[in-house]
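First up is the structure itself, then whatever we jot down about it.
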Amino acid sequence: GTVDLGYRRSLCPPPSTGIGRDTVKALRDSGAQVVAVSRTKEDLVSLSKERPGIEPVCVDLGDWEATERALGNIGPIDLLVNNAAVLLEQPFLEVSKEAFDRTINVNLRSVIQVSQMVAKGMIARGVPGSIVNVSSIVSRAAIFCLTSYSSTKGAMDMLTKIMALELGPHKIRVNTVNPTVVLTHMGRRVTNHTELAKYLKERTPLNKFAEVEDVVNSILFLLSDKSAMTNGSGILVDGGYLAC
Ligand code: NDP
């Protein structure tokens, strides 16, 4: 079924594949107006065909100035999902400046920049809001070769608490979802390592990876008033991985 979020307009970067794309579709299906942000124009075009009426914005969220130009005058937003991320695998001893900077800029700095824009608008209008940051179980559990990526997710969990602390008095809630592997384009990069995939699955009490829909459902819950008292928190979508 659909979820009546009771809000008018949502910003969801990015929608091109996987979790972002299905979140945009679910929000649209629930009746929200959705601004869909992505780096790849073709993905926005195909999404607009699938869900007419979304407002596409094509921008590289790792580029501060371009993001300012693209989203600086975005208008009123009531809900925000910070979903864009890159995963660049490198063993710790080989982590490069370029890969680390790129990962920080896309996965973490853009969250601060876009959330500032959206939250300032909410505060100026005096309306409540909800922000969901898409984190990961790797914010809390180490997996080989994910130094840059995991560092951004660990920082994102803490950033979420700071945002909850400072934005809570303005009735803006901020939370994370922390999924285990989801078999999107990004998730398959992890499961391409068959030994690692086997290990991760066997360590999971439910003995499976998450579906995109599992993550989208938790995002919708945190965006909606059904989670009205949840702030600075996170929902694990991990089949029990972090419980043991
Ligand atoms: P995908 O790779 O399928 O999608 C990632 C999206 O981010 C793509 O649409 C991509 O667009 C976009 N993106 C990347 N860089 C930028 C950028 N600089 N500017 C704008 N858009 C950008 O991954 P998922 O759907 O799996 O991941 C979504 C979120 O879920 C991420 O935050 C990820 O860390 C998190 N997550 C994923 C897990 C998994 O196993 N899949 C597990 C736990 C968390 P483009 O292709 O154009 O670059």
**Request:** Sort Tyr199, Tyr241 by accessible area with a 1.4 Å probe, largest first.
**Result:** Tyr199, Tyr241
**Asked** Can you give the accessible area of Leu61 in Å² (nearest 10), computed on protein heavy atoms with a 1.4 Å probe?
**Response** 20
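Restricting things to Cα coordinates, could you compute the convex hull volume per residue of the range 172-244 in Å³?
On the way: hull volume 6.8 nm³, N = 73.
Dividing the Cα hull volume of the range 172-244 by its residue count gives 93 Å³.
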**Asked** Quick one: how many Å² of Asp101 are accessible to a 1.4 Å probe, rounded to 10?
**Response** 60
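With N set to the residue count of the chain, report its C-alpha Rg divided by 2.2 N^0.38 Å to two decimal places. Each step should come with its number before you reach the end.
Numbers: Rg = 17.1 Å, N = 244, 2.2 N^0.38 = 17.8 Å.
Working it through for the chain, the quotient is 0.96.
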**Message:** Below 14 Å, Cα to Cα, which aspartates and glutamates can Lys208 reach? Residues fewer than 8 away in the same chain don't count.
**Reply:** Asp238
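Summing Lys, Arg as +1 and Asp, Glu as -1, what charge do residues with Cβ under 14 Å from the Cβ of Ile172 carry, Ile172 excluded?
Net charge around Ile172: +2.
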**Prompt:** Round to a whole number: what % of the accessible area of the chain belongs to carbon and sulfur, probe 1.4 Å?
**Reply:** 55
**Complete:** Longest principal axis of the chain (C-alpha) makes with the long axis of helix 212-223 (C-alpha) an angle, in degrees to the nearest 10, of 40
**Request:** Would you mind checking the tilt of helix 147-167 against the longest principal axis of the Cα atoms of the chain, expressed as 0 to 90 degrees and rounded to 10?
**Result:** 30
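Taking the Cα centre of the chain as origin and charging only Cβ (+1 Lys, Arg; -1 Asp, Glu), how large is the dipole, in debye to the nearest 20?
Numbers: 27 positive and 25 negative charges, 60 e Å.
For this selection, approximately 280 debye.
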**Message:** If I model a spin label at Ile104 and Ser48 as a point 7 Å from the Cα along the Cα→Cβ vector, what separation in nanometres do I get?
**Reply:** 3.5
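Let me know the charge dipole size of the range 125-244 about its Cα centre in debye, to the nearest 20, where only the beta-carbon of Lys, Arg (+1) and Asp, Glu (-1) is charged. Numbers along the way, then the final one.
Working: 13 positive and 9 negative charges, 24 e Å.
Rounded to the nearest 20 debye, it is 120 debye.
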**Request:** Please list, or write none, the lysines whose alpha carbon is within less than 30 Å of the alpha carbon of Lys97, excluding same-chain residues fewer than 8 places away.
**Result:** Lys41, Lys153, Lys161
**Prompt:** Which order, highest average first, do 145-152, 159-166 follow once you tally other Cβ atoms within 10 Å for each residue and take the mean per peptide?
**Reply:** 145-152, 159-166
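With runs of 4+ DSSP H residues as the only contributors, calculate the mean residue ellipticity of the chain at 222 nm using -39,500 (n - 2.57) per run, divided by the residue total and rounded to the nearest 500. Could you put the intermediate results ahead of the total?
Details: 9 runs with 103 residues, N = 244.
Dividing the helical sum by the residues of the chain leaves -13000 deg cm²/dmol.
Once you keep just the Cα pairs under 8 angstrom separated by 6 or more residues, what percentage relative contact order results for the range 124-244? Don't skip to the answer; put the middle values down first.
Values: 178 pairs, mean separation 39.7, N = 121.
Rounded, it is 33 percent for the range 124-244.
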**Prompt:** What does the accessible area of Cys58 come to, in Å² to the nearest 10, when a probe of 1.4 Å is used?
**Reply:** 70
**Prompt:** For the range 111-185, what class follows from the C-alpha gyration tensor (a ≥ b ≥ c being the square roots of its eigenvalues): rounded when a/c is under 1.5, otherwise prolate if a/b is larger than b/c, else oblate?
**Reply:** prolate
**Spatially proximal aspartates and glutamates relative to Lys226 (Cα-Cα < 12 Å; intrachain offsets below 8 disregarded)** = Asp4
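How would you order 116-127, 216-227 from highest to lowest mean count of nearby Cβ atoms within 10 Å? Could you put the intermediate results ahead of the total?
Values: 116-127: 15.2, 216-227: 20.2.
Highest to lowest by the protection proxy: 216-227, 116-127.
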**Asked** Over all pairs of distinct alpha carbons, what does the Kirkwood formula give as the hydrodynamic radius of the range 10-110, in Å?
**Response** 14.2
**Message:** What would the Debye equation give as log₁₀ I(q)/I(0) for the range 91-219 at q = 0.14, 0.16 Å⁻¹, counting only Cα atoms as equal point scatterers?
**Reply:** -0.71, -0.89
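The values are calculated or read from the model by the stated rules, or taken from the named source; none is laboratory data. Everything numeric here is computed off the predicted structure, so don't read it as measured data. Reconstructed Cβ throughout: ideal geometry from the backbone, glycine too, with neighbour counts over all protein chains shown. The protein model used for the area step is the full one, side chains on, heavy atoms only, and it has no ligands, DNA or RNA in it. Shrake-Rupley method; radii C 1.70, N 1.55, O 1.52, S 1.80 Å.
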